[in-house]
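What follows is a set of notes on a single structure, which appears directly below.
The values are calculated or read from the model by the stated rules, or taken from the named source; none is laboratory data. Model, not experiment: these values are computed from the prediction. Using ideal geometry, Cβ is built from the backbone for each residue, glycine included, and neighbour counts are taken over all protein chains shown. Remember, those area values only see protein heavy atoms, side chains included, never the ligands or the DNA or RNA. Shrake-Rupley method; radii C 1.70, N 1.55, O 1.52, S 1.80 Å.
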Amino acid sequence: MSYDPSNIFAKILRGEIPAHKVFEDDTALVMMDIFPQSRGHTLVIPKVASRNLLDADPATLSAVIPLVQKIAKAVMAATKADGIRIVQFNEAPAGQTVFHLHIHVIPVYEGVSMGAHGGGQADNAELATLAKAIAAQL
Ligand code: 5GP
């Protein structure tokens, strides 16, 4: 399957739709997930266009994992989470809903069950506060 540049993350990368940005450089954008599975659910999005991991350039994958590690540590520090899940879905039957490669960084809190994938929308003010708090840990 081919890459469709009208996907929502491509629109965010082009600045056509707003996002709660945590970090951005020439290669990647990091933002808060607006339907978070837990408080602090963050997405790492390489800028180079690919549908998912299956069609991504290996160089993109090599470059993104150190950033995922950095963001995971910052999310842990900012949220005081007890653990972190790193998740990535490939194609709709596997749970992918946005077809531009992204890696989920999902904090886990002891004794708190995780929300459903693609659940309720978070409060904008809370997302803005979280984005700032995570960015401050970078
Ligand atoms: P996927 O299921 O493709 O792995 O994950 C897509 C993620 O993007 C979901 O967790 C969903 O909550 C999130 N999402 C969908 N639309 C938007 C949006 O417009 N802005 C942001 N920040 N996240 C979105």
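Pairs are defined by a Cβ separation below 9 Å, a sequence spacing of at least 6 or placement on different chains, a first member in the range 60-73 that is farther than 16 Å from M32 by Cα, and a second member that is modelled with pLDDT of 95 or more and assigned to a helix (DSSP H, G or I); the pairs so defined are L61/L53.
Look at the range 24-46: where a residue is closer than 17 Å to Q96 by Cβ and away from the ligand (no atom under 13 Å from the Cβ) and a partner is open to solvent by less than 30 Å² (accessible area, probe 1.4 Å) and not polar (S, T, N, Q), sitting 6+ places away or on another chain with Cβ atoms under 7 Å, you get P46/A28; P46/V64; P46/L101. Evaluate the following for V64: is it away from the ligand (no atom under 11 Å from the Cβ), among the hydrophobic types (A, V, I, L, M, F, W, C), within 16 Å of F9 (Cβ to Cβ) and not in a helix (DSSP H, G or I)? Spelling it out, it is not the case that V64 is away from the ligand (no atom under 11 Å from the Cβ), among the hydrophobic types (A, V, I, L, M, F, W, C), within 16 Å of F9 (Cβ to Cβ) and not in a helix (DSSP H, G or I). When you look at G83, is it without any contact (Cβ under 8 Å) to a residue 12 or more places away in the chain, surrounded by fewer than 19 Cβ atoms within 10 Å (Cβ to Cβ) and over 25 Å from K11 (Cα atoms), yes or no? No, not satisfied.
Q121 meets the stated requirement of being under 24 Å from P18 (Cβ atoms), open to solvent by 50 Å² or more (accessible area, probe 1.4 Å) and within 11 Å of the ligand (Cβ to nearest atom).
Of all positions in the range 100-114, none carries a residue that is more than 21 Å from K47 (Cβ to Cβ), open to solvent by 60 Å² or more (accessible area, probe 1.4 Å) and outside any loop (DSSP other than H, G, I, E, B).
Are there any strands (runs of 3 or more DSSP E) wholly within the range 1-51 with 3 or more residues that are surrounded by fewer than 19 Cβ atoms within 10 Å (Cβ to Cβ), and if so which? Here the list reads 21-24.
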